[in-house]
Structure formats: structure tokens, C-alpha cells
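Here's the structure, in C-alpha cells; my notes come after.
The values are calculated or read from the model by the stated rules, or taken from the named source; none is laboratory data. Note that the structure is a prediction, hence the values are computed from the model and not measured. Positions of Cβ are backbone-derived with ideal geometry, glycine not excepted, and every protein chain shown enters the neighbour counts.
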């Protein structure tokens, strides 16, 4: 099992290389640039899937409220970036979100749904802000719709994975641990 975790962490560490590969909105359109944005960064993928895993672990209304809180607050962060509001330590907060969300899953932490939504919302604010900072020449509305949709799909993948693996069972918890470890690898990389 330790080998599996170490192999996963190594794979996640190498997955950070294509972070520069976001689609050019001039060539692919603003919507597709937005859709691709969360899919080309290991930090985004790990955090988004972990939100779904955690929501599956909590169960009940959390399965839709927690991911919805993330997407909604992410759009607020995007709007803050576009309006010129300064948000400090965006990248460290994003990396901290990967570690923290991974640990929440690994430790099978069950918070009240509203508090869980606040936790993911706090992290989502930074993810959205980062998306706004990387808008480039893309149209804001199309880009936002694209990354919100892509994020929701990644949350859905985490939900499905969490439900398929049994909520708070051993495998989802190991995935949470691997996610936290991946976040640590990204921090030092």
C-alpha cells in the first residue's frame, strides 16, 4: 500500500509540468480555454476531485451543497480578480487547499454541511481568483462558464469515485492521503 501511495505521489509530482499548456483563447475560444484551465494544473485537479470525495464521505445534502459552494465561491473569487481587488498569497492558499482537502478525506472528517461548505468556499475563493488572474485575452463570461463547468465535472468525478469506493472506507481515505502528499510535493516542487 505504501508503494501505491508513493507511486501516486510521484505521478502527481510529474503532472505539474503541463501547467503551462492552457488553451489559447484566440485559437480555441474563450469557453474552451476556461474548460481546459482546471484540467491542466495538478493543484486544481487534486483539489476539485478532493472536494467531491469529501462531499461523498459526508453524504446527504453535502453531496450537492459542498461542490456547489465551491463553484459559486470560485466565481466570486474570479470576479474579485477581474475587479482589481488584491487577494494575498493566492498560490500558497491553493496549494494549502490541496493538502487540507486531502487530509479532510484521509481523516474522514465529518463536519456539519454548512461548515463544510464554508471550508471549501474559502479555498474556492483563491482558486477563482487565480483563474481571473490568468484570463489573458479570453472573454470573461465564456471563460468563467467553461471553468465552472469543468470544475463541476471534476467534483462529480470525486463524488462518483467516493461513492464507488465506499464513502469513508480505506480506499477513499488512501486517495485523500495521496492527495495531501501530492499537495506537499507541489509545494516543494
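Please find, among 161, 103, 165, 135, the residue that is at pLDDT 95 or above and either under 22 Å from residue 58 (Cβ atoms) or touching a helix residue (DSSP H, G or I) at 6+ places or on another chain (Cβ under 8 Å) (or both). Give the derivation first.
On the way: 161 fails: at pLDDT 95 or above; 165 fails: at pLDDT 95 or above; 135 fails: at pLDDT 95 or above.
Of 161, 103, 165, 135, the one residue that is at pLDDT 95 or above and either under 22 Å from residue 58 (Cβ atoms) or touching a helix residue (DSSP H, G or I) at 6+ places or on another chain (Cβ under 8 Å) (or both) is 103.
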Over segment 168-189, the set of residues outside any helix (DSSP H, G or I) and in contact with a helix residue (DSSP H, G or I) (Cβ under 8 Å, 6 or more places away or on another chain) is 168, 189
Consider only pairs whose beta carbons are under 8 Å apart and that are at least six residues apart or on different chains; among these, list those whose first residue lies in segment 41-66 and is at positive phi and in contact (Cβ under 8 Å) with a residue 24 or more places away in the chain and whose second residue is surrounded by fewer than 24 Cβ atoms within 10 Å (Cβ to Cβ) and in a loop (DSSP other than H, G, I, E, B). 59/167
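With the structure loaded, tell me whether residue 156 is part of a helix (DSSP H, G or I), in contact (Cβ under 8 Å) with a residue 24 or more places away in the chain and buried (at least 20 other Cβ atoms within 10 Å of the Cβ) or whether it fails that test.
Working: part of a helix (DSSP H, G or I): yes; in contact (Cβ under 8 Å) with a residue 24 or more places away in the chain: yes; buried (at least 20 other Cβ atoms within 10 Å of the Cβ): no.
Spelling it out, it is not the case that residue 156 is part of a helix (DSSP H, G or I), in contact (Cβ under 8 Å) with a residue 24 or more places away in the chain and buried (at least 20 other Cβ atoms within 10 Å of the Cβ).
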Restricting attention to segment 131-153, and to residues there that are assigned to a helix (DSSP H, G or I) and buried (at least 23 other Cβ atoms within 10 Å of the Cβ), which single residue is farthest from the chain's Cα centre (by Cα)? 143
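Does residue 117 satisfy the criteria of being within 13 Å of the chain's Cα centre (by Cα), within 30 Å of residue 169 (Cβ to Cβ) and either part of a helix (DSSP H, G or I) or in contact (Cβ under 8 Å) with a residue 40 or more places away in the chain (or both)? Please lay out each step first, then the result.
On the way: within 13 Å of the chain's Cα centre (by Cα): no; within 30 Å of residue 169 (Cβ to Cβ): yes; either part of a helix (DSSP H, G or I) or in contact (Cβ under 8 Å) with a residue 40 or more places away in the chain (or both): yes.
No: the conditions fail for residue 117.
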Residues (at negative phi and not in a helix (DSSP H, G or I)) located in segment 69-114: 83, 85, 86, 87, 88, 107, 109, 110, 111, 112
Residue under evaluation residue 170, criteria (1) under 15 Å from the mean Cα position of the chain (by Cα); (2) without any contact (Cβ under 8 Å) to a residue 40 or more places away in the chain, criterion not met: (1)
For residue 113: the one exception among (1) closer than 12 Å to residue 51 by Cα; (2) at pLDDT 95 or above: (1)
